[in-house]
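Single-structure report; data block below.
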Amino acid sequence: MSLNQFPDRTERLVVRVLREMRLKYRRGESVTLSDLVVPLGPRAAALGSAIMAAPFVLPVSLGPLTLPASLLICLLSLGLMAGALKMAGPHRQAALNQGRLGSWLARQRMRLMATPFPEAIHRVLSRFARSTVKWKRRLSRPRLFGLVDGWRGEAICGAGLLVGALLLMVPLPLIPLGNTFPALAIVLFAVGWTERDGLLSLLGCVMLVVTLAYFAVVAWAATGALAWLANWLPSVW
């Protein structure tokens, strides 16, 4: 990927980070998740989530990659919501500091950042990042600021990413589109908050509803099939 292909600041940042990671692989250096997340700066949680979720938009399951990617997005979303609490004011920040939640998030973030990042996953993400940034450039623009500005926008994005990641964890290996809808929701929330596009965040909410409806239909169909099978087997034997 050439930086000249992507004049937008966000797009250039993503491309630069992925390119620097590729160079480290070629030099035989150790690459961890921090090499992906830390250079993204304040937008690390959203952009990192979008990059991790992009491959799952495909209508086929990616198998064992789903769980670690979902867990990563969960932790990134919790960090984003923690940042929203800090921005919201002292009385809301106190909620974060109560108990051990703040320290637990800090410990998990440190462990997460030290996780080795396989080169094979980097190649997959690089390919899908190209499509994601081109799609973002065509469709996103600043609008509906109430859904993306300030601590409320950060909280909405974090909550959307968290719910999307939890839905992405649902094991549906043989069901088409099982990962597509929640992954699309994650990308929409992430790009919407990063680019100050409240419409995309709203579409992310719609996609979460679509995901829940789809999973309900799949559960209903599976329950019906099992009931039919339970009634059919005794008649055979």
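The values are calculated or read from the model by the stated rules, or taken from the named source; none is laboratory data. Please read these numbers as outputs of a predicted model, since none were measured by experiment. Glycine gets a Cβ as well: all are built from the backbone with ideal geometry, and neighbour counts include every protein chain shown.
A count restricted to the stretch 128-154 and to residues that are part of a helix (DSSP H, G or I), surrounded by fewer than 19 Cβ atoms within 10 Å (Cβ to Cβ) and either at pLDDT 75 or above or over 19 Å from the mean Cα position of the chain (by Cα) (or both) stands at 7.
Of everything listed in (1) within 23 Å of Ala221 (Cα to Cα); (2) without any contact (Cβ under 8 Å) to a residue 60 or more places away in the chain, the single unmet condition for Pro173 is (2). Does Phe117 count as modelled with pLDDT under 75, within 17 Å of the chain's Cα centre (by Cα) and of a type in the set (Phe, Trp, Tyr)? No, not satisfied. State yes or no: is Leu101 exposed (fewer than 15 other Cβ atoms within 10 Å of the Cβ), farther than 15 Å from Ile186 by Cβ and modelled with pLDDT under 75? Answer is yes for this residue. For the stretch 202-237, which residues satisfy the criterion of being surrounded by fewer than 23 Cβ atoms within 10 Å (Cβ to Cβ) and of a type in the set (Gly, Ala, Ser)? Selection gives Ala213, Ala216, Ala219, Ala221, Ala222, Gly224, Ala225, Ala227, Ala230, Ser235.
Each row is one residue, and each column tells you yes or no for (1) more than 30 Å from Ile51 (Cβ to Cβ); (2) of a type in the set (A, V, I, L, M).
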{"residue": "Gly178", "(1), (2)": "no, no"}
{"residue": "Ile186", "(1), (2)": "no, yes"}
{"residue": "Arg196", "(1), (2)": "no, no"}
{"residue": "Phe215", "(1), (2)": "no, no"}
{"residue": "Trp232", "(1), (2)": "yes, no"}
